[in-house]
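Contents: one structure, followed by commentary.
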Amino acid sequence: MKLQQLRYIWEVAHHELNVSATAQSLYTSQPGISKQIRLLEDELGVEIFARSGKHLTHVTPAGEVILQTAGEILRKVESIKQVAQEYSNEKKGALSIATTHTQARYALPATIKKFMQRYPDVSLHMHQGTPMQISEMAADGTVDFAIATEALDLFNDLIMMPCYRWNRCILVPRDHPLAQASELTLEMVAEHPIVTYVFGFTGRSKLDEAFVEKGLEPRVVFTAADADVIKTYVRLGLGIGIVAAMAYDESKDSDLVALDASHLFASSVTRIGCRKGTFLRGYMYEFIEDFAPHLTREVVQDAFGQHTKAELEELFSHLKLPVY
């Protein structure tokens, strides 16, 4: 059994069983990958992938278990490399982050700018996706950190640390009737068509919960993953927008009015998560602390020492999170 063979089966499984695409991503040949997979299966005495002719169709039950173990081995190998790099050149390496559009566009720029000025020899890679995709990338080791509001708590392999609390605002054109309201209520909001986030994005669940609690049925007429897209359709008159308050830029969105909705919807918490057992390099600790100053190296190390979600919650229960 060779480490290269484990990498091949892992990559094939994560390229939708497309051996050709895997070969391109690894800069090798398709026949070479197929041969090594066959050799590994022959050695183990089981099929990892089921086949129809020359095409892989699905992962076998035995293959599922083998792939899980292979992933753990490959992550350990990567950790060994990280340890070596930390001691050979602590200011050179790579950092990969998976996050949503709202975090990438509004919350992270200042942190990333500061980080890249301090570590010019660290290549930074940002992946955007749904909260579920983001969490999966962190859980399987594709990225170092996941930064999101939703879905991170669905993965037991992730250490989740709270960064900040945020509220929502309601965006309307300046001549909209709600812009003249002295005190906004949820009933008033429910009277208008709503443009907001796709379910599963940026605290959308808190929004839905608020309406259900009041026995109201909101008319959500358009959803998007991107706050800037939501603002575009508010400008077109499609409906009122409900977005994270941080997504409103007074200078760029001067044609819109942002109405405080913090009393209408429960606040949400953005978290940063990474896989248990990950070796964090010095600059990774610094990135976390730049983004969330209360998450010092000592606090993060304490978090990695906890064994259950309850213990993690207890560790962070005393923190007063900043409000973005």
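Only one of the numbered conditions (1) open to solvent by less than 60 Å² (accessible area, probe 1.4 Å); (2) in a loop (DSSP other than H, G, I, E, B) is violated by Glu90, and that is (1). Of all the listed residues (Ile97, Ile9), the sole one being assigned to a helix (DSSP H, G or I), in contact with a helix residue (DSSP H, G or I) (Cβ under 9 Å, 6 or more places away or on another chain), in contact (Cβ under 8 Å) with a residue 12 or more places away in the chain and buried (at least 18 other Cβ atoms within 10 Å of the Cβ) is Ile9.
Among the residues of region 296-320, those that are aliphatic (A, V, I, L, M) and closer than 20 Å to Glu286 by Cβ comprise Val299, Val300, Ala303, Leu319.
Restricting region 160-183 to residues that are open to solvent by 20 Å² or more (accessible area, probe 1.4 Å), over 30 Å from Ala138 (Cβ atoms) and hydrophobic (A, V, I, L, M, F, W, C), the residue that is modelled with the lowest pLDDT is Ala181.
Residues in region 38-75 that are touching a residue at least 12 places away in the same chain (Cβ under 8 Å), under 30 Å from Glu286 (Cβ atoms) and not hydrophobic (A, V, I, L, M, F, W, C): Gly71, Arg75. Cβ separations smaller than 7 Å between residues 6+ apart or across chains give the following pairs from region 175-190 residues that are under 18 Å from Val220 (Cβ atoms) to residues that are among the charged types (D, E, K, R): Leu186/Lys214.
Is it the case, given these coordinates, that Arg38 is basic (Lys, Arg), part of a helix (DSSP H, G or I) and closer than 30 Å to Phe279 by Cα? When the stated conditions are applied, Arg38 does not pass them.
Could you tell me which residue of region 219-258 is nearest to Val323 (Cα to Cα), considering only residues that are of a type in the set (Ser, Thr, Tyr) and in contact (Cβ under 8 Å) with a residue 24 or more places away in the chain? Selected residue: Tyr248. Taken as a whole, the structure places Leu74 among residues that are of a type in the set (A, V, I, L, M), in a helix (DSSP H, G or I) and within 27 Å of Arg275 (Cα to Cα). The residue pairs whose first member lies in region 275-286 and is assigned to a helix (DSSP H, G or I), whose second member is acidic (Asp, Glu) and exposed (fewer than 15 other Cβ atoms within 10 Å of the Cβ), and whose beta carbons are closer than 6 Å, counting only pairs six or more residues apart or on different chains, are Gly282/Glu90.
The values are calculated or read from the model by the stated rules, or taken from the named source; none is laboratory data. As the structure is a computational prediction, the values presented were derived from the model and not from experiment. As a convention, Cβ positions derive from the backbone with ideal geometry for all residues, glycine included, and neighbour counts pool all protein chains shown. Remember, those area values only see protein heavy atoms, side chains included, never the ligands or the DNA or RNA. Shrake-Rupley method; radii C 1.70, N 1.55, O 1.52, S 1.80 Å.
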